[in-house]
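The values are calculated or read from the model by the stated rules, or taken from the named source; none is laboratory data. Remember, it's a predicted structure, so these values are computed and weren't measured experimentally. Cβ placement follows ideal geometry from the backbone for every residue including glycine, while neighbour counts extend to all protein chains displayed.
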Amino acid sequence: MGCRTFEDDVNRETLRQQLAQAEDHVTSREQMVARQRALVAELARAGCDTHTAMMLLAQLEESLEMRRSEITCLQTRTQVRH
């Protein structure tokens, strides 16, 4: 086992910061998805067209999944560097 360098510590801290930011983004996207689902349900109950709202919901869900994948990747990179 080699000694850890300052660069290793900086890289590890950068990864931790990126992971924290990605987790914040996931939380935000989850809230957006929940609000959009509620809006779609409300529109449907009112007998309104939900097509556009559903398209936006699909985009939000895709964005959420991309952020979740980013977290998985960052977690893997963080573990590999330990």
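Below are the figures for this structure:
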{"read-out": "The range 32-57 - residue that is small (G, A, S) and exposed (fewer than 12 other Cβ atoms within 10 Å of the Cβ) and, of those, nearest to R16 (Cα to Cα)", "value": "A34"}
{"read-out": "Test for R29: is it charged (D, E, K, R), modelled with pLDDT of 90 or more and either under 17 Å from S69 (Cα atoms) or surrounded by 13 or more Cβ atoms within 10 Å (Cβ to Cβ) (or both)", "value": "yes"}
{"read-out": "Residue under evaluation L39, criteria (1) over 17 Å from T72 (Cα atoms); (2) at pLDDT below 90, criterion not met", "value": "(2)"}
{"read-out": "Any pair with Cβ under 6 angstrom, 6 or more apart, that starts in the range 43-70 at a residue that is over 30 Å from L15 (Cβ atoms) and ends at one that is outside any helix (DSSP H, G or I) and modelled with pLDDT of 95 or more", "value": "L43/T50; A44/T50"}
